[in-house]
1. So which of Ile253, Ile309 ends up being in contact with a helix residue (DSSP H, G or I) (Cβ under 8 Å, 6 or more places away or on another chain) and not charged (D, E, K, R)?
2. What about Ile107, is it touching a Gly at 6+ places or on another chain (Cβ under 9 Å), in a loop (DSSP other than H, G, I, E, B), within 7 Å of the ligand (Cβ to nearest atom) and within 23 Å of Tyr245 (Cα to Cα)?
3. Name the one entry in Lys55, Lys79 that is in contact with a helix residue (DSSP H, G or I) (Cβ under 9 Å, 6 or more places away or on another chain) and either assigned to a strand (DSSP E or B) or more than 13 Å from the ligand (Cβ to nearest atom) (or both).
4. Applying the selection to the stretch 213-240, what residues are within 12 Å of the ligand (Cβ to nearest atom) and in contact with a Phe, Trp or Tyr (Cβ under 7 Å, 6 or more places away or on another chain)?
5. Report every pair of residues separated by at least 6 positions or lying on different chains whose Cβ atoms are under 7 Å apart, first residue within the stretch 199-214 and touching a residue at least 40 places away in the same chain (Cβ under 8 Å) and closer than 9 Å to Tyr245 by Cα, second assigned to a strand (DSSP E or B) and more than 8 Å from the ligand (Cβ to nearest atom).
6. Hey, Ile116 hits all of (1) at pLDDT below 95; (2) of a type outside the set (D, E, K, R); (3) within 9 Å of the ligand (Cβ to nearest atom) but one; which does it fall short on?
7. Go through the stretch 302-339 residue by residue and tally those that are modelled with pLDDT of 95 or more and not in a loop (DSSP other than H, G, I, E, B).
8. Restricting attention to the stretch 196-212, and to residues there that are surrounded by 16 or more Cβ atoms within 10 Å (Cβ to Cβ), more than 9 Å from the ligand (Cβ to nearest atom) and not aromatic (Phe, Trp, Tyr), which single residue is modelled with the lowest pLDDT?
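The values are calculated or read from the model by the stated rules, or taken from the named source; none is laboratory data. The shown structure was predicted, so the numbers you read here are calculated from the model rather than taken from an experiment. FYI the Cβ positions are ideal-geometry reconstructions off the backbone, even for glycines, and counts take in every protein chain you see.
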Amino acid sequence: MIYVAISVEKCYSLLQTCAEINSFVKKSVCEGDIIGMNNLILGSSGFIGRNLRKKLEQRKESVTLFDRFIDEDTRALYKNRCFCGEFSETTKFDEILEGVDRVYHLISTTIPSSNIPIVDEIRQNINPTIQLLESCVRNHVKDIIFVSSGGTVYGKTRMVPFREEDETDPICSYGIQKLMIEKYLYLYHHLYGLHYKVVRLANPYGPGQNPNGIQGAVTTFTYKAVADDLIKIYGNGKVVRDYIYIDDAIEGILNIADNKKYDVVNLGCGQGYDLIKVIQTLEDILDKKLHVEYSPGRKVDVPFNVLNIDRYNEISPHHRFDTLEEGIRKLIAYIMENK
Ligand SMILES: NC(=O)c1ccc[n+]([C@@H]2O[C@H](COP(=O)([O-])OP(=O)(O)OC[C@H]3O[C@@H](n4cnc5c(N)ncnc54)[C@H](O)[C@@H]3O)[C@@H](O)[C@H]2O)c1
């Protein structure tokens, strides 16, 4: 039952942007001219994975794909650089990692509000990641880039905005899962010299995100606002988050991956907005009143999360982020064009 629900959701999300991304990627793959690193994207069919793939292809870097859902066209295009399967303890990582320089680890089987037994969360995410790290060492992978969660690893820590060296006390199992992987990355670096970067990502939104997902308030609200649908908000709308447009998130991930100074870096805009502000911004841009309904808050939602991005600004001083309004305008334009 659960399997069917996820599958439909993923199909929707895939259909939404696959055509556009596929046509771009088809062009660059067919034109050849691949230079630079061989990158493996674990979770290549997801929101971040597809946008990252597009950007890496633009940079003419070679990309190998891995996901449990990969459409026929993409499989045909990528041939032996495409692995469709389950991320698990028995995955044949040695075959997948052959010739790979850099791994982007974007797979998580859970999100902050997932309600699965914690032992299953550990089994599905930690155990395969350990097998992956073992294989990275055996195959002399140069580095692994892990997308962790700036929104959950800090928990309800007192001082905001959160700095990378702050205490971490997640209030959801997903945040602990992310921290565990961060710690194992450090251990594999310490024991075997495996290089890694941890991207503590805030709340990305934009084209390619599932508008019907449980995650991604800005994307969900924007689709609903454009369609005049009812918007449901958990809590009183005062939960504050650090939202980042997907193009900025991808540029940020690549900048963090290439930086030589820090292994753990926060990635957000460094600005906090509550959900009421998101609604107001949409109302101003669309020039209409939205239908909003409030329901009880969730225990796993921290009330306030904004990231301190001093480290990021130090390694990428010229990166200018889209404001929330600019990002929402871009997303609305995308929705209108793809109606
Ligand atoms: N989107 C966010 O708000 C956000 C914020 C911070 C961190 N992250 C992290 O970034 C990463 C990517 O996020 P996303 O938004 O692209 O997620 P997503 O759900 O859109 O994509 C994840 C991809 O992984 C694949 N996948 C999941 N479990 C798998 C398994 N067991 N075997 C094979 N494939 C599997 C899915 O099919 C999907 O294509 C995740 O690790 C997530 O925790 C996301």
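1. Every option except Ile253 fails the conditions.
2. When the stated conditions are applied, Ile107 passes them.
3. Lys55
4. Gly216, Val218, Thr219
5. These pairs meet every condition: Asn203/Arg241; Asn203/Tyr243; Asn203/Ile244; Pro204/Ile244; Tyr205/Tyr243; Tyr205/Tyr245; Gly206/Tyr245.
6. Every condition holds for Ile116 apart from (3).
7. 21
8. If we take residues in the stretch 196-212 being surrounded by 16 or more Cβ atoms within 10 Å (Cβ to Cβ), more than 9 Å from the ligand (Cβ to nearest atom) and not aromatic (Phe, Trp, Tyr), then Pro211 is modelled with the lowest pLDDT.
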